[in-house]
Amino acid sequence: MTDAVMAPERRPGRFSGFVRWFVSDLRGAFSLTFLVALFVISVLGPWISPYAPAAQDLDAALATMSTQHWLGADDLGRDTLSRLIYGGMASLYASFLAVTIAVLIGVPVGILAGYLGGWVDAVISRIIDSFLSFPAIVLAIAVTGALGIGLTNGMISVGIVFAPQLARLVRARTLVVRNELYVDAARCFGGSTKRILWRHVLPNAIQPVIVQVTLLLAAALLAEASLSFLGLGIQPPDPSWGGMLARAYQNMEIAPEQMYPPGLAILFTALAFNTLGESLRVALDPTMKRN
Amino acid sequence: MSSAQNHNSDRGILAVRNLRILFPTRDGRDTVKAIDGMDFEVRSGETFGIIGESGSGKTTLGRALVSLLPPTHGQILHDGTDPVTLGTGAFRKHRRDYQIIFQDPNAALNPRMTIIDSVVEPLEIMGQGDHASRRRRGIEVLERVGLAAEAADRYPHQLSGGQKQRVNIARVLTLRPKVIVCDEVVAALDVSIRGDVLNLFADLQREFGLTYVFITHDISVVSHISDRIAVTYLGKLMELGPAEDVVEHPLHPYTRALLSAEPVPLPSHLRVDRRIILEGEIPSPVEPPSGCRFRTRCPSVQPRCAKEVPAWRDVKPGHRVACHFATANGPPPDNQKAQRAS
């Protein structure tokens with residue numbers, strides 16, 4: 001199906017090649033479009049949202065869909081669509097913050113453990129194991145307790161909780177890559193350890209991380225929702241998808257439709273991250289492309 | 001350059017002294033004696049062939065020669081210098097002169113780097129020139145080894161095995177090394193292109209005054225291009241001498257058996273040579289046989305072979321052998337055990 005697209009006889013530039021590939025992958029293109037749209041809507045939130053996110057209109061409490069409130073209103077009469085738009089920003093910020101922290105800690109730690117081996121590896125691996133033996137959300141709650149309640153602190157703690165997963169993944173890949181002949185060859189050329197790690201080990205060990213990162217973005221989104229649901233994440237009256245879901249849950253019996261907007265937003269965003277991850281993995285691996 | 005190469009030729013550009021390389025076994029209780037006492041020298045400008053079966057320690061030896069593996073005991077001298085004694089910076093500079101080309105041309109290239117990026121990597125490490133001049137130089141070298149400039153921006157998986165091996169050769173050449181260790185460099189290639197690649201090696205040697213250490217299990221390859229040949233068995237050298245001598249008049253029973261295993265392009269009833277079939281497998285390098293390690297498979301074995309390790313002695317000028325009973329006239333005669341194959 002992709003043959004016609006994949007068979008240009010001249011190699012195009014990296015970027016146009018990437019675009020070309022993307023067009024051939026509709027699922028990936030759709031996910032990317034969805035996420036870009038989500039991002040744009042979140043950034044434009046203050047200008048496009050019909051109401052202020054915290055504006056209460058108790059006459060409209062638990063209103064169903066109408067021309068006034070497209071997606072209804074919550075138990076305090078706050079417009080669901082507006083809160084969804086503002087909450088999107090908070091949720092995206094939260095997921096990216098958590099995953100960035102996880103990558104910044106996990107990848108270097110994993111590479112060092114895998115490449116240096118010996119006692120460094122033994123110590124790091126035991127620490128990773130002990131981190132992994134805690135349920136993630138419990139650990140996040142504990143870290144939030146230490147750092148203080150709030151979205152940023154909550155997501156930093158989620159990032160710390162995710163880091164060992166990445167570290168372990170990177171370590172395992174590094175163990176394989178460091179024994180590759182091209183690493184030996186680079187050593188023979190007199191390449192420094194730093195150079196070998198940067199040019200050879202990292203690019204070849206990072207591939208599963210790209211996929212894992214998108215999975216973690218989805219997981220972080222859910223973690224944000226859980227923490228906010230538990231009241232440890234974003235604080236009222238600021239909106240977030242998790243917080244909205246928690247609020248809607250309390251009124252489930254009176255207005256069940258209130259759960260759908262934040263729930264579906266979380267679902268679709270998580271799905272889009274996952275799909276995009278799969279597409280990226282294929283797109284970034286030169287050996288997966290045909291001649 | 002060539003004058004500088006000659007001044008140390010008396011002690012050899014590579015000198016291996018009582019080399020032993022041991023690895024712990026998986027359970028940690030014993031050691032694999034991959035290299036168990038080797039002494040030889042490689043002279044500047046020659047092609048030094050090393051033959052052996054799989055499991056004879058050839059690959060370990062090749063890696064040790066270019067300092068990818070440290071000797072457990074003994075020394076490997078590079079032009080009189082022991083690289084182990086150098087500081088990190090000096091060592092990184094020093095090792096550029098001693099390069100290796102691996103058996104698997106594919107695994108030796110980073111799959112995520114374009115061909116040209118791989119080829120200019122040594123220049124980049126040396127900090128030579130700017131990006132454009134390195135690229136120009138890389139393309140020059142690629143063309144020298146017979147690759148079109150179009151290959152430069154491709155990725156390794158888009159080239160054939162033979163082309164990839166040429167890329168590996170080109171990459172090493174950018175360093176202008178003194179010694180290149182070739183570890184089974186044509187074993188993974190189609191027979192049809194082996195000849196081309198071997199000829200390329202010969203041309204480059206003439207052009208750049210290279211010293212080769214050619215490691216292979218294929219005696220036809222090694223006898224073709226080598227000046228001298230060393231025969232390894234289970235981590236030790238069995239015989240070492242001028243290529244023609246070793247091939248035409250082997251002194252060790254093992255060398256004779258190896259040579260007789262070469263296929264001859266004649267119908268069986270026309271073949272003059274008998275094939276000597278070695279019994280059994282190569283023994284384990286964890287517990288090599290006592291005395292002479294070849295004794296368990298040797299057609300000329302005597303009681304003395306189990307008791308005494310044969311000396312590594314000169315039987316003829318420049319022709320050494322490790323066998324109690326070998327003489328300048330040849331290996332000891334077979335016992336009745338020698339089998340004949342049709």
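Read the figures in this text as sums done on the coordinates, not as results from a lab. Owing to the predicted nature of the structure, the values given are computational and were not obtained by experimental measurement. No Cβ is skipped: glycine too gets one built from the backbone with ideal geometry, and neighbour counts run over all protein chains shown.
Could you check the simple spin-label distance between B:E140 and B:T72, using points 7 Å along Cα→Cβ, in nm with one decimal?
Here the modelled spin labels are 4.6 nm apart.
Using only Cα atoms, tell me the angle between helix A:118-132 and the longest principal axis of chain A; keep it within 0 to 90° and round to the nearest 10.
Once rounded, one gets 20 degrees.
Quick check for the protein assembly as shown: number of Lys pairs with alpha-carbon distance under 30 Å, counting only pairs 8 or more apart or on different chains?
Eligible lysine pairs with Cα atoms under 30 Å apart amount to 29.
Given only helices, namely DSSP H runs of n ≥ 4 each adding -39500 (n - 2.57), what is the per-residue ellipticity at 222 nm of chain A, to the nearest 500 deg cm²/dmol? Please list the in-between numbers first.
Working: 13 runs with 198 residues, N = 291.
So the calculated ellipticity at 222 nm is -22500 deg cm²/dmol.
What's the average, rounded to a whole number, of partner chain beta-carbon atoms within 10 Å of each residue's beta-carbon in B:121-127? Could you put the intermediate results ahead of the total?
Values: counts 8, 6, 1, 4, 7, 2, 0.
Neighbouring Cβ atoms belonging to other protein chains average 4 per residue here.
Going 7 Å from the Cα of A:L267 toward and past its Cβ, which residues in region A:231-246 have a backbone nitrogen under 19 Å from where you end up?
Residues A:241-246 qualify, since their backbone N sits under 19 Å from the label point.
How many angstrom separate the Cα center of region A:221-264 from the Cα center of region B:67-120?
What the calculation gives is 59 Å, centre to centre.
Counting DSSP beta bridges in the protein assembly as shown, what percent are antiparallel, to the nearest 5? It would help to have the intermediate numbers written out before the result.
Numbers: 28 of 46 bridges.
Just about 60 percent of them are antiparallel.
Relative to the longest principal Cα axis of chain B, at what angle does helix B:115-126 sit, 0 to 90 degrees, rounded to 10?
90
I'd like to compare B:22-31, B:317-326, B:135-144, B:304-313: which one has the highest average count of other Cβ atoms within 10 Å, and what's the full order after that? Write out the running numbers ahead of the final one.
Numbers: B:22-31: 11.5, B:317-326: 19.9, B:135-144: 18.1, B:304-313: 14.6.
Packing proxy ranking, top to bottom: B:317-326, B:135-144, B:304-313, B:22-31.
Based on the mean of other beta carbon atoms within 10 Å per residue, what is the order of A:24-37, B:37-50, most packed first? Can you show the working numbers first?
Working: A:24-37: 15.6, B:37-50: 21.1.
Packing proxy ranking, top to bottom: B:37-50, A:24-37.
Give me D for chain B in µm² s⁻¹, whole number, from Stokes-Einstein with Rh from the Kirkwood sum over alpha-carbon pairs, 10 °C and 1.306 mPa s. Show your work: numbers first, answer last.
Working: Rh = 21.4 Å.
After rounding, the answer is 74 µm²/s.
Using a 10 Å cut-off on Cβ to Cβ distances, tally the other chain neighbours for every residue of B:164-176 and report the average as a whole number.
Values: counts 0, 0, 0, 0, 3, 0, 0, 2, 3, 0, 1, 3, 0.
Taking all residues of B:164-176 together, the mean is 1.
May I have the pair-distance distribution P(r) for chain A, computed from all Cα-Cα distances with 10 Å bins from 0 and rounded to whole percent?
Binned Cα distances yield the sequence 6, 23, 27, 23, 14, 6, 1, 0.
Computed FRET efficiency, Cβ-Cβ of A:V120 and A:T67, R0 51 Å: what is it to the nearest 0.05? Don't skip to the end; give the middle numbers.
Values: r = 64 Å, r/R0 = 1.25.
Approximately 0.20, to the nearest 0.05.
Specify the inter-centroid distance of region B:161-225 and region A:134-210, based on alpha-carbon positions, in whole Å.
39
Calculate how large, on average over all directions, the projected area of the Cα convex hull of region A:88-244 is; give the answer in nm² to one decimal.
9.4
More than 43 Å apart: what percent of Cα pairs in the protein assembly as shown qualify?
Numbers: 86364 of 200028 pairs.
The proportion of pairs with Cα distances above 43 Å equals 43 percent.
Is there a simple number for the mean count of other chain Cβ atoms within 10 Å of the Cβ of residues in A:186-197, and what is it? Walk me through the intermediate numbers first.
Values: counts 6, 5, 17, 15, 12, 5, 4, 1, 0, 3, 0, 0.
Counting other chains' Cβ atoms within 10 Å and averaging over A:186-197 gives 6.
Can you work out ³J(HN,Hα) from phi for every residue in region B:303-308, in order, using Karplus 6.51 cos²θ - 1.76 cosθ + 1.60 and θ = phi - 60°, giving whole Hz and x for Gly and Pro?
Per residue, the Karplus-derived 3J(HN,Hα) values read x, 4, 4, 7, 8, 10 Hz.
Please report the antiparallel percentage of the DSSP beta bridges confined to region B:2-248, to the nearest 5.
Details: 21 of 39 bridges.
Expressed as a percentage, antiparallel bridges in region B:2-248 total about 55.
Quick one: if you stick a label point 7 Å off each Cα along the C-beta vector at A:R20 and B:D30, how many nm between them?
5.7
What nm distance separates the two modelled labels at A:D59 and A:R27, each placed 7 Å from Cα along Cα→Cβ?
Distance between label points: 4.9 nm.
Over 5 Å intervals from 0, what percent of Cα-Cα pairs in region B:49-127 sits in each interval?
Over region B:49-127, the share of Cα pairs per 5 Å bin runs 3, 12, 19, 21, 19, 15, 10, 2, 0 percent.
Which of the peptides B:78-88, B:101-111 is most tightly packed, and how do the rest follow, judged by the mean count of other Cβ atoms within 10 Å per residue? Intermediate values should be presented prior to the final figure.
On the way: B:78-88: 13.8, B:101-111: 21.7.
So the order, starting with the most tightly packed, is B:101-111, B:78-88.
Tell me the angle of helix B:161-173 to the major Cα principal axis of chain B, expressed in degrees between 0 and 90 and rounded to the nearest ten.
The answer is roughly 70 degrees.
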